[in-house]
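*Asks:* Submitted below is the structure of interest, expressed as structure tokens.
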Amino acid sequence: MITLLENWFPIMTHDLLIMVFSETKAETVRSSLGNADYSYYFILEKYLPLLRRIGTVQHIDDPGVEVDSLYAAARSANRKAIFLSFTPPHRTLRNLSCPTVCVMAWEFGSIPDEDEAHADNGLNWVEMVREIGSVITISEYATRVIQSQVGGDVSVWTVPAPVESIDAAVPDHPASASTSLQLNAFVIDSQDCEIDEERATANARQSGNEDGPAWDGSDITMAFASNGVSCGQYLVGFYAEEEWGCWSRTTSPQIVLPWQLDGKISLELVLVGYGENKGRAVHVAIGGCHHELELPETMSPIELVFELSGKANTIQFSGLRALPLPGARDHRTLGLGLKSLRLRALDNVDRAPLSVAKQNPVADQDDQTLHLAGTVYASVFNPEDGRKNWKDIVTAFCWAFRDDPNKVLLLKMSHHNRSVFMGDLLLLFSRLYPFKCRIVAIHGYLSDGQLEQLKAATHYYVNASGAEGQCLPLLEFLAAGVPAIAPDHTAMASYISKDNAFIVASSLEPQAWPIDSRRAYRTTTQRIDWDSLRLAFLQSASVLQEHIDQYQKMQLSAKVAVRNHCSPDAMTDRLHRIIESLV
């Protein structure tokens, strides 16, 4: 991208210092996926090639310490300087001498504007934006929302994060083509799961443990709490971790370990029963070895001894009741609460030591090959983001193609912890059973090359979001000539049309601001029409299989839409004019 821009814009690095800040850094992005505001890092990454054509870019680690010091030094050297903070308004410093611009994403029908005593600190973005004075949004929708509330005294511009549209010829993308993806990721594949009406179980191969590392016999402790080193990514059938631990959500939850256990072992579980499960006798199994335990009424440690005759890597619970407790404020299907586990070897078996990577429960998975055949639909999202409606994508896809083994749905889960979706996905498998279509979830940080492979293997990109600030994954797939199934609301209204997508119908619904801990309805998003999504799957498959000329026109229209919306050339010129006006 930089090489392309050099042909169009002169280098202007000698007299302008551009300081940039994002709370997520390159070295922390893998472990921050899915955390609050992590996507600002990717917006900054898209802006960087443009900014480097305009001035000298300086990354900032601590704005309160560095920005004004660098600004003073620049002024003394007769240089201009500006600070771009890629953060929401309440995370943007407002007391700096240096000209400051808040570069923000927004997708709701209004920005927070409350300052009552009962409201959270940071809920009045209107006043904060007025204090900052200059805002760049990444969508026309966000600009209109902010301008309608802050008035004319604040400068609000729109500069979408740039996406390069690929100029190469559009591939034919035959619907029956087969391809393979080389991934360094964890994969759940419905074809490799044991599924019935009661449960879905990911087999050992999907956990990377069929021929995986054996436990070396050293003591292992796992704490399933959100504020510690998370091991929850190995939980199946549990809700996401809380500060103390986590709750099970199904009758047969599991812990899938990253090592193969064997021999005589001690398993200590710190757990508690909930509701009807207090005092209930449940079974705990590892391999073919079973124990019964009575769930305590208060959080307590319970030790079980297993003598395994073969290798196993799954701790399986069964016999729980998974129904909401009548009259309780929490309507979840809570069964047992799990705080931690501890494994100890009780024999003298000579076990090989684990490598450092394999001892780390959050280490990357080994490279593996994912073979695909048929029509491939893909979606990239944070499964913890309630706007994404990913369960609607799964259910609509399955109802559209439940008897068609040649339809594949690829879900790239952008979150550091697989427990936030793995249990939900497997639960969906059992509820949708039986089905012949294929659903594959990919969890892990994919390289640029692996993402390019994913685009090349995809026939349609799917978005069912209730609101979008821009949706970079959707734009990047469109830029590669991949048509979409998507709504045309919020930021997507600027580039989604019937020429490049099958439109998913939607309508307004009340919503809470994401930073409002009260979860009070103060704004709006869009409610997706589920049947419209299902029909879009069917219509898209028909076009690809029976009207390839129409499909190819959609591919070309997708590329043109991205070029018109956010080409790097146009965005560089726009960003340059904005910065020059401020400094």
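The values are calculated or read from the model by the stated rules, or taken from the named source; none is laboratory data. None of the values given here were measured: they were computed from a predicted structure. Here the Cβ positions follow ideal geometry from the backbone for every residue, glycine too, while neighbour counts run over all protein chains shown. Note: accessible area is taken over every heavy atom of the protein model, side chains too, but ligands, DNA and RNA are not part of it. Shrake-Rupley method; radii C 1.70, N 1.55, O 1.52, S 1.80 Å.
*Asks:* For the chain, with every protein chain kept in place, what is the accessible area per residue (1.4 Å probe, Å²)?
*Replies:* That works out to 42 Å² per residue.
*Asks:* A further question follows. Where does each of MET492, MET128 land when they are ordered by accessible area, with a 1.4 Å probe and the largest first?
*Replies:* The ordering from most to least exposed comes out as MET128, MET492.
*Asks:* Distance cut-off 31 Å, Cα to Cα: go down the list LYS25/LYS80; LYS46/LYS80; LYS80/LYS455; LYS311/LYS407 and report the pairs above it.
*Replies:* LYS80/LYS455; LYS311/LYS407
*Asks:* Just to make sure I understand: if all protein chains stay in place, what is the order of CYS289, CYS398 by accessible area at 1.4 Å, largest first?
*Replies:* Largest to smallest exposure gives the sequence CYS289, CYS398.
*Asks:* Any chance you could give the angle, 0 to 90 degrees and rounded to 10, that helix 568-582 forms with the longest Cα principal axis of the chain?
*Replies:* 60 degrees
*Asks:* With both partners inside the chain, how many of the DSSP beta bridges are antiparallel, as a percent to the nearest 5?
*Replies:* Antiparallel bridges: around 60 percent, rounded to the nearest 5.
*Asks:* Next up: Taking GluC sites (Glu not before Pro) as exposed when DSSP calls them loop (any state but H, G, I, E, B) and at most 15 other Cβ atoms lie within 10 Å, what is the longest stretch of the chain free of them, the sites themselves excluded?
*Replies:* 298-583
*Asks:* Once the Cα atoms of helix 548-566 and of the chain are each reduced to a long axis, what angle between those two axes, in degrees from 0 to 90 to the nearest 10, is obtained?
*Replies:* So the inclination is approximately 60 degrees.
*Asks:* Loop-only check: which trypsin sites (Lys or Arg not before Pro) in region 251-337 are DSSP coil with at most 12 other Cβ within 10 angstrom?
*Replies:* In loop regions of region 251-337 (DSSP not H, G, I, E or B), the sparsely surrounded trypsin sites (Lys or Arg not before Pro) are ARG329.
*Asks:* Mind grabbing the accessible area of ASP262 for me, 1.4 Å probe, Å², rounded to tens?
*Replies:* Number for this one is 40 Å².
*Asks:* Reachable aspartates and glutamates from LYS559, Cα under 14 Å, same-chain residues fewer than 8 places away excluded?
*Replies:* Output for LYS559: GLU164, ASP167, GLU476, ASP499.
*Asks:* Could you state the orientation-averaged shadow area of the convex hull built on the Cα atoms of the chain, in nm² to one decimal?
*Replies:* Quarter of the Cα hull surface area: 28.6 nm².
*Asks:* Net charge near LEU409, counting Lys/Arg +1 and Asp/Glu -1 over other residues with Cβ under 13 Å of its Cβ?
*Replies:* Summing Lys and Arg as +1 and Asp and Glu as -1 gives +4.
*Asks:* In angstroms, what radius of gyration and Dmax does region 482-583 have, counting Cα atoms only?
*Replies:* That works out to 18.2, 56 Å for Rg and Dmax.
*Asks:* Tally up the carbon and sulfur contribution to the accessible surface of the chain as a whole percent, 1.4 Å probe, everything protein left in place.
*Replies:* Heavy-atom surface of the chain belonging to carbon and sulfur, 1.4 Å probe: 47 percent.
*Asks:* Report, in deg cm²/dmol and to the nearest 500, the calculated mean residue ellipticity at 222 nm for the chain, where each DSSP H run with n ≥ 4 adds -39500 (n - 2.57) and the sum is divided by the residue count.
*Replies:* -8000 deg cm²/dmol
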